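S.K.: This is the structure, below, for whatever I ask next.
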Amino acid sequence: MANSKYEYVKSYELVDEVRPPDIIVVRIDGCDFHRFSEVHEFDRPNDERALNLMNACATSVLDEYPDVVFAYGFSDEYSFVFKKTTKFYQRRASKVLSLVVSFFASVYATKWKEFFPKVELRNPPSFHARTICFATIEFLQAYLAWRQSECHINNQHNTCLWMLVRCGKSEKEAQEFLKGTQKQEKNELLFQQFGINYKNLPKIFRQGSCIFKTEVEDIVKFKEDGTPVKRLRRKARVVHSENIAGKSFWNEQPGLLKELGAFVGNIDKIEPDYFRPFLFENGLMPSTWIVIRLDGCHFHRFCKIHEFEKPNDEKALNLMNSCAAALMEEFHDIIFSYGVSDEFSFVLKKDSQFYQRQASKILSVVVSFFSSVYVMKWKDFLPHRELKYPPCFDGRAVCYPSSEILRDYLAWRQVDCHINNQYNTCFWMLVKSGKSKREAQDYLKGTQAREKNELLAQQFGIDYNALPIIFRQGSSVFRVQEEKANGYGNGASVEKLNTRVVVEHCNIIEKHFWKEHPGILDESLACACNETPLK
């Protein structure tokens, strides 16, 4: 990021490192997946295609991030366990969480057609996520036992519920009928009324799925005579085990023993209350502006592989803007967004109670929704380019206590846009003229803004200030009020204000922008802004 007088705002970004040797677990859960499953007409109580899609996404996570050594999932949730010695993104909880949930959502949208070839993906999937830390392997063992127990309890209940519904009861009647019933009573209900032996149902429903890497013999090439050459390689595989927290299962996996440690014994039933201290979350400070900033992960490589135009690909920028607009349409607590290149900042209203201001929930929902929309909208903006692999974004949540500091944060990001774009424009023009990347970097070293403008004008005939404003000043996404529309409430005519989300390219540092749009944030922000234009 470029240097500017506004960089002091970085001091509000908290360090959230998970201290070693704690074991890091990232658990994701589908966001409003009850509605998602209804819209996409999933089979009840279990849709094996949907479960296999979840498993495929989790397998991709293990393939993408070698530090993830074990995963367990059922229904719309998955838990990812990192090796004990991981240094993944310096063990920063927000980075670890956002990358895993972003990649998972991106893969979910990418692989949808493989598992649902005849069903259109209508809504972008999104997921809640949280980082959980365990000081010892015994706590991890108890956690896994708890999650597999929840899988069994929920599946047994849902199997009974949906069999009752199929026989004519409403969902509410079925819920009342099952209230207070125990495990044995549910098994008897299934067997006596429906002829179902619960233990004969597919293991994937009753036991969930676990994924870890094992050594398998793989063909790496063929000799001239056609003989295959084989090598041992570590590959992720899906297993359905009756007791993933049992010593006999865990201690038979060499990779798990090496990266996490052994289970010294078996474990009794764990009550959910036992884990409340581990699941506690601090809320973000009340009455502060919450900003969620996401950045493309390894987008330099992503842009190269997908052949984005340099220094700017307007289609790719408009795709980012469209994702930001979709996010604002979905989550009304986001009142302003600013984006440049592969990053976007989302400002939540100061009194927002979105997810009770829990940082991990807000961050994970925003980054996963953005990621899946990016995949779904790819063909709308880049129809002639194949999406060769799923993109992902990391993110962070930061609180700013005053409108002045929020103003300076937005100014920092727009100044950063200007400085970086001016440099990149010069850099790529030099490269296109025949210089190597190293020569272009050396040529520009130490040059000031005026010198870069002169270089562009004198050597390439480019007036920097005449370049598209989207490149120079980034994109602002916000709601505007339209003309009042007449509606009716309680028989009387009522005037309603319609709003719509717009994308504009303008100088958000100048005071007049906020004065022209007083409803975006508040009057204090407009008063705090200066009149200094970007140069």
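S.K.: Helix 183-194 against the longest principal axis of the chain: what's the angle in degrees, Cα atoms only, rounded to the nearest 10?
M.R.: Roughly 80 degrees, rounded to the nearest 10.
S.K.: So if I place +1 on the C-beta of Lys and Arg and -1 on the C-beta of Asp and Glu, and nothing else carries charge, what would the dipole magnitude of the chain be about its Cα centre? I want it in debye, nearest 20.
M.R.: 1200
S.K.: Ok, one more. Under 20 Å from a point 7 Å along the Cα-to-Cβ line of Arg231: which residues of the stretch 64-81 have their amide N that close?
M.R.: 64-67
S.K.: Using Cα atoms only, what is the angle between the long axis of helix 359-381 and the major principal axis of the chain, expressed in degrees (0 to 90) to the nearest 10?
M.R.: The helix 359-381 is inclined about 70 degrees to the chain.
S.K.: Another question about this same structure. Hey, can you find the accessible area per residue of the chain for me, probe 1.4 Å, expressed in square angstrom?
M.R.: Solvent-accessible surface per residue comes out at 50 Å².
S.K.: Then there is this: Which far-off residues, 5 or more places away or on another chain, put their amide H under 5 Å from the one on His332, with H placed in the peptide plane?
M.R.: Those lying under 5 Å, H to H, from His332: there are none.
S.K.: Right, another one. Using unit Cβ charges (K, R positive; D, E negative) and no other charged atoms, how large, in debye to the nearest 20, is the dipole of the stretch 62-163 about its Cα centre?
M.R.: Result for the stretch 62-163 is approximately 340 debye, rounded to the nearest 20.
S.K.: Sorting check: for 264-275, 81-92, 197-208, which peptide has the highest mean count of neighbouring beta carbons within 10 Å, and how do the rest follow?
M.R.: 81-92, 197-208, 264-275
S.K.: Further, regarding this structure: In degrees from 0 to 90, rounded to the nearest 10, what is the angle of the helix 403-432 Cα long axis to the longest principal axis of the chain?
M.R.: 80
S.K.: Next up: Give, in nm to one decimal, the length gained when the segment between Lys269 and Arg35 is fully stretched (0.36 nm per residue of separation minus the Cα-Cα distance).
M.R.: Taking Lys269 through Arg35 to full extension adds about 81.1 nm, to one decimal.
S.K.: Between Lys437 and His384, how high is the FRET efficiency from 1/(1 + (r/R0)^6) when r is the Cβ-Cβ distance and R₀ = 41 Å? Nearest 0.05.
M.R.: Computed FRET efficiency for Lys437 and His384: 0.95.
S.K.: What size of dipole, in debye to the nearest 20, comes out for the stretch 175-286 about its Cα centre when the only charges are +1 on Lys and Arg C-beta atoms and -1 on Asp and Glu C-beta atoms?
M.R.: Rounded to the nearest 20 debye, it is 400 debye.
S.K.: If you don't mind, another one. Dipole of the chain (Lys/Arg Cβ +1, Asp/Glu Cβ -1, origin at the Cα centre): which of Val375, Phe346, Ala236 lies farthest to the positive side?
M.R.: Ala236
S.K.: Here's a follow-up. Out of [x] 1.05; [y] 1.32; [z] 1.01, which label holds the value of Rg/Rh (Cα atoms, Kirkwood Rh) that was computed here?
M.R.: [z]
S.K.: Net charge within 15 Å of Gly255 by Cβ-Cβ distance, Lys/Arg positive one each and Asp/Glu negative one each, not counting Gly255 itself?
M.R.: +3
S.K.: What is the chain's relative contact order, in percent, from Cα pairs under 8 angstrom and six or more apart in sequence?
M.R.: 17
S.K.: Sticking with this structure for a sec: How far is it, in nm, from the label point at Phe280 to the one at Asp351 when both lie 7 Å from their Cα along the line to the Cβ?
M.R.: Placing both labels 7 Å beyond Cα along the Cβ direction yields 3.0 nm.
S.K.: OK, next. At a Förster distance of 45 Å, what's the computed FRET efficiency of Glu171 paired with Gln459, Cβ-Cβ distance as r, to 0.05?
M.R.: Taking R0 as 45 Å, the efficiency between Glu171 and Gln459 is 0.05.
S.K.: Summarise the accessible area of the chain (1.4 Å probe, protein heavy atoms) by the percent that is carbon and sulfur.
M.R.: Answer for the chain is 48 percent, counting heavy atoms of protein chains only.
S.K.: Taking the Cα centre of the chain as the origin and placing charges on Cβ (Lys, Arg +1; Asp, Glu -1), which of His512, Pro117, Gly255 is farthest toward the positive end of the dipole?
M.R.: Gly255
The values are calculated or read from the model by the stated rules, or taken from the named source; none is laboratory data. All figures in this text were calculated on a predicted structure; none of them were measured in a lab. A quick note on method: Cβ atoms are made from the backbone with ideal geometry, for glycine too, and the neighbour counts reach across all protein chains shown. In case anyone asks, the SASA skips ligands and DNA or RNA and just uses the protein heavy atoms, side chains included. Shrake-Rupley method; radii C 1.70, N 1.55, O 1.52, S 1.80 Å.
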